[in-house]
Amino acid sequence: MPATAPRPESWIRTTPSGLYCEPGDFHVDPVQPVARAVITHGHSDHARPGHERVLATQETIAIMRHRYGEDAGRSLQAARYGEEVRVGEVSVRLLPAGHILGSAQAVIDYRGSRVVVSGDYKRRPDPTCAGFEVQSCDLFITEATFGLPVFRHPPDSHEIEKLLHSVRLYPERCHLVGVYALGKCQRLIALLREAGYDEPIYLHGALIGLTELYQSFGIALGPLLPCTGLTQEAFRGRIVLAPPAALADRWTRRLPDPVTALASGWMRVKQRAKARGIELPLVISDHADWDELTRTLDEVGAAEIWVTHGREEALVHYGTSRGLKARALALSGFGEEEE
Ligand SMILES: [Zn+2]
Ligand SMILES: [Zn+2]
């Protein structure tokens, strides 16, 4: 940052609506309706309805339209990854965050001073979205959903193999896997395909719309079938995906002796899996684990970090120990997606 550049805290700050960029006069992922919003991705805690003007990737806008219809925003402006958009006195670029389809970091430049708002992100490859791009900056504003050293996610292939092993072991049972409707569902399907599983995968009705949206953006997911109108017999040896909230529904009675699984970073916490009656926990997360978070802080090279939400303290401590200025924002309104 040139010596004459303004310090980031003089032009970006938190308000009750969320992060606010003063010279651009916009909020990033505001939790209340605002005049102008930059939206990092389509999860409902980041992309809320009712803003006047929205700037986001084309995919995020499609997701918001799908979910909110007219309420997605009065004017919706799509930016390609890397495209520079002038907003007030600042320039905004959206760069891939590797979290879900269309997810972006917001890179904001103002008079030689650069702030990056990460949104939610992960660093490991995901066949359903563009990979995280490191952007050097003066202030990095990061999530910390899994910001504790105990959170180390295993390789995805390891978790997928656990599922496929169980499917081979119990050919007479059905495998019912809980997945969030946006992101996790499509990623789990794509990971199964990468592992060579080419059987039809059955989808709960609540997962179909967003899965079709992914396909409309060219994400190949192989043969998928709805669960409707099938006998118990038809589900033997099959994999059925459903939203986590539907795992204990009456709906599951149509399935033959299901092995209940759940794909979530939280499955690393054994008590959580147990409390929810999950027989087969799959640690598959769309958020950076501790190693990914700390590696990212090292790579972006910011002198200052702010931590928006999640387990903030340990990451703040890590930053401080590295000689950075670090601060927990404790933004409210963010958390586990769609739960
Ligand atoms: Zn998210
Ligand atoms: Zn989030």
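For Arg7 and Ala245, FRET efficiency with R0 = 45 Å and r from the beta-carbon atoms, rounded to 0.05?
Details: r = 44 Å, r/R0 = 0.98.
Plugging the Cβ-Cβ distance into 1/(1 + (r/R0)^6) gives 0.50.
In whole Hz, with x marking every Gly and Pro, tabulate ³J(HN,Hα) for region 59-66 from phi via Karplus 6.51 cos²θ - 1.76 cosθ + 1.60, θ = phi - 60°.
Coupling constants for region 59-66: 5, 5, 5, 4, 5, 5, 4, 4 Hz.
Where a Cα-Cα gap under 19 Å defines reach, which lysines qualify for Lys325, not counting those fewer than 8 residues away within the same chain?
none
So who's got an amide H within less than 5 Å of the one on Gln105, skipping anything under 5 residues away but keeping other chains? H placed 1.01 Å off N, in plane.
Here Leu95, Ala97 satisfy the definition.
Kindly state, to the nearest 0.05, the FRET efficiency for Ala206 paired with Glu83, given R0 = 25 Å and r defined as their beta-carbon distance. Intermediate values should be presented prior to the final figure.
Numbers: r = 33 Å, r/R0 = 1.33.
The calculated FRET efficiency here is 0.15.
Could you tell me the distance between the Cα centroids of region 41-91 and region 142-172, to the nearest Å?
Their Cα centres are 32 Å away from one another.
For a quick check of understanding: with a 1.4 angstrom probe and all protein chains in place, what accessible area in square angstrom does Leu210 have, to the nearest ten?
10
To the nearest 10 degrees, how steeply does helix 184-194 sit against the main Cα axis of the chain, on a 0 to 90 scale?
Its long axis makes an angle of about 60 degrees.
Tell me, what % of the accessible area of region 158-253 is carbon and sulfur with a 1.4 angstrom probe? Numbers along the way, then the final one.
Numbers: 2270 of 4100 Å².
Heavy-atom surface of region 158-253 belonging to carbon and sulfur, 1.4 Å probe: 55 percent.
Ignoring ligands, DNA and RNA, please state the percent of accessible area on region 29-146 from carbon and sulfur, probe 1.4 Å. Provide the component values of the computation, followed by the final result.
Details: 1710 of 4030 Å².
On region 29-146, the fraction of accessible area on carbon and sulfur atoms equals 42 percent.
Residue-wise, which Karplus ³J(HN,Hα) couplings in Hz belong to region 141-152, taking 6.51 cos²θ - 1.76 cosθ + 1.60, θ = phi - 60°, and x for glycine or proline?
3J(HN,Hα) across region 141-152, in whole Hz: 9, 10, 6, 8, 3, 10, x, 9, x, 5, 8, 10.
Can you work out the accessible area per residue across the chain, with the rest of the protein chains kept in place, probe 1.4 Å, in square angstrom? Show your work: numbers first, answer last.
Numbers: 13860 Å² over 339 residues.
Here the residues of the chain average 41 Å² of exposed surface.
Under a 1.4 angstrom probe, counting protein chains only, how are His165, His41 ranked by accessible area, largest first?
Values: His165 95, His41 0 Å².
Largest to smallest exposure gives the sequence His165, His41.
Let me make sure I get this right: for region 1-130, a, b and c are the square roots of the gyration tensor eigenvalues over alpha carbons, sorted descending. Under 1.5 in a/c it's rounded, otherwise prolate if a/b > b/c, else oblate. Which is it?
Details: a/c = 1.89, a/b = 1.29, b/c = 1.46.
In terms of gyration-tensor shape, oblate.
Taking the Cα centre of the chain as the origin, how large is its charge dipole in debye, to the nearest 20, when only Lys and Arg (+1) and Asp and Glu (-1) carry charge on their Cβ atoms?
Values: 38 positive and 43 negative charges, 97 e Å.
Result for the chain is approximately 460 debye, rounded to the nearest 20.
How do His99, His27 stack up against each other in accessible area, from largest to smallest, with a 1.4 angstrom probe?
In descending accessible area the options line up as His27, His99.
Per-residue HN-Hα couplings for region 4-21, Karplus 6.51 cos²θ - 1.76 cosθ + 1.60 at θ = phi - 60°, whole Hz, x for Gly and Pro?
Karplus-based 3J(HN,Hα) across region 4-21 equals 7, 5, x, 5, x, 5, 7, 9, 9, 7, 9, 10, x, 7, x, 5, 10, 9 Hz.
Where a Cα-Cα gap under 27 Å defines reach, which lysines qualify for Lys162, not counting those fewer than 8 residues away within the same chain?
Answer for Lys162, where 27 Å is the Cα cut-off: Lys122, Lys184, Lys270, Lys274, listed by chain and number.
Principal axes first, then extents: for the Cα atoms of the chain, list largest minus smallest coordinate on each axis, whole Å, largest first.
Cα spread of the chain along its principal axes, largest to smallest: 71, 45, 32 Å.
What spacing in nm lies between the two simple spin-label points modelled at Arg253 and Thr15, each 7 Å away from Cα in the Cβ direction?
Calculated label separation equals 5.2 nm.
Using only Cα atoms and rounding to the nearest 10 degrees, what angle (0 to 90) does helix 312-321 make with the longest principal axis of the chain?
Helix 312-321 and the main axis of the chain meet at about 50 degrees.
Kindly express, to the nearest 10 degrees and within the range 0 to 90, the angle between helix 156-169's C-alpha long axis and the longest C-alpha principal axis of the chain.
The angle comes out near 10 degrees.
How much of Thr296 can a 1.4 Å solvent probe reach, expressed as accessible area in Å² and rounded to 10?
Result for Thr296: roughly 0 Å² accessible.
When the helix-only estimate is applied to the chain (DSSP H runs of n ≥ 4, each -39,500 (n - 2.57), divided by the residue count), what is the mean residue ellipticity at 222 nm, nearest 500 deg cm²/dmol? Write down the numbers at each step before the final one.
On the way: 7 runs with 75 residues, N = 339.
Helix contribution divided over all residues of the chain: -6500 deg cm²/dmol.
The values are calculated or read from the model by the stated rules, or taken from the named source; none is laboratory data. Just so we're clear, the structure is a prediction, and the values are computed from it rather than from any experiment. Every residue, glycine among them, receives a Cβ derived from its backbone with ideal geometry; neighbour counts consider all protein chains shown. Protein only, heavy atoms only, side chains kept; ligands, DNA and RNA dropped before computing areas. Shrake-Rupley method; radii C 1.70, N 1.55, O 1.52, S 1.80 Å.
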